[in-house]
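Each remark here refers to the structure printed beneath this line.
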Amino acid sequence: MSSGETPAGPAPADRDETFKRDLVKLIPQLRAFARTLTGDPTAADDLAQDAMLKAWDARASFRMGTNMKAWTFMILRNVFYSEKRRSWRQTALDPETAERTLVAVDDPSSPVALDELRQALAALPAEQREALILVGAGGFAYEEAAEICACAVGTVKSRVSRARRALQDILARGAYERDRAPASAAMDAILAQAERLSGVRR
Amino acid sequence: MTEPRMRSPDLEEMKLRQQAIGEGLRQIFDDVVNEPVPEDFLDILRRAEAPHRDEPPTGDVGPADMGAGDMGAGDAAG
């Protein structure tokens, strides 16, 4: 008669095994979230490993059947901020770091050049970046993202929308600087024509 | 100076751009998700699990389930 059995749930060893299996399945997601937070693959894996270990150590406090992905993301985020590895907290990533982490993805059918998007993402304030990634790529609802970020749902919503606008601006600016032409050549033509028609000056 | 008003074609274009950005973000995220997980992760987890089993018990510590022997197993989940 072992005292390890409880009618409420699986025995601790089984529970650990299940927990571990679920945790292992989440590693790719944790790595991806960490990568977007740090912008650096090595630092990201370091962070993801720390988070994974913290999650393992805290497994007794996890309620089986609840959202483990959100729980582990929350842990990862806490590790990221609590350790303040460098001054990542409020600042955007160093553009050089961002550039080094670019992975050339040459897909001409891709509507947005991913390397540019990566750079633009890296230029966002950390809180906007994380909100946007959680909701826009991580598959979290605003409510879940709010819980992960320990803030109000409205705050997440406004961060996401600011992040989206900022990304669009950064990308448009980037396109302008690269091509020496506005992102929207059509708009330029319209403006030029309007100026001509109005006949002011000259 | 007059600023161009936001007309519906612009809104439409903005929507399309946002969609493209959204797809790009998901792809950036999924690219990492789809990378093979470095072995370190599983090693670290295995080591974290190990104290139950590897460390010789000092005195009478240790729960009854110590040594539930499936060492090394459970890492097959990809």
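Conditions first: (1) closer than 19 Å to A:R31 by Cβ; (2) at pLDDT 85 or above; (3) touching a Lys or Arg at 6+ places or on another chain (Cβ under 8 Å); (4) of a type in the set (A, V, I, L, M). B:A48 passes all but one, so which condition is the exception?
Just one mismatch for B:A48, condition (3).
Can you name the condition, by its number, that B:D30 falls short on among (1) outside any helix (DSSP H, G or I); (2) charged (D, E, K, R); (3) modelled with pLDDT of 95 or more?
(1)
Name the residues in region A:135-149 that are in a loop (DSSP other than H, G, I, E, B) and either more than 14 Å from chain B (Cβ to nearest Cβ) or under 12 Å from A:K69 (Cβ atoms) (or both), would you?
A:G138, A:G139, A:F140, A:A141
For region A:27-54, enumerate the residues that are among the aliphatic types (A, V, I, L, M) and facing chain B (nearest Cβ under 10 Å).
Passing the criteria: A:I27, A:L30, A:A32, A:A34, A:A44, A:A48, A:M52, A:L53.
I'm checking my understanding of the structure. Among residues of region A:112-127 that are over 19 Å from A:C149 (Cβ atoms) and not small (G, A, S), which one is modelled with the lowest pLDDT?
Across region A:112-127, the extreme among qualifying residues is A:V112.
Kindly list, by first and then second residue, each pair from a residue in region A:50-76 that is more than 15 Å from A:A146 (Cα to Cα) to a residue that is polar (S, T, N, Q) and part of a helix (DSSP H, G or I), limited to pairs with Cβ atoms under 6 Å and residues at least 6 apart or on different chains.
Cβ pairs passing all conditions: A:A55/A:T72.
Quick check: anything in region A:23-36 at positive phi and at pLDDT below 95?
Taking region A:23-36 and keeping what is at positive phi, we get none.
No, every residue in region A:23-36 fails to be at positive phi and at pLDDT below 95.
The values are calculated or read from the model by the stated rules, or taken from the named source; none is laboratory data. Source: prediction; values computed, not measured. FYI the Cβ positions are ideal-geometry reconstructions off the backbone, even for glycines, and counts take in every protein chain you see.
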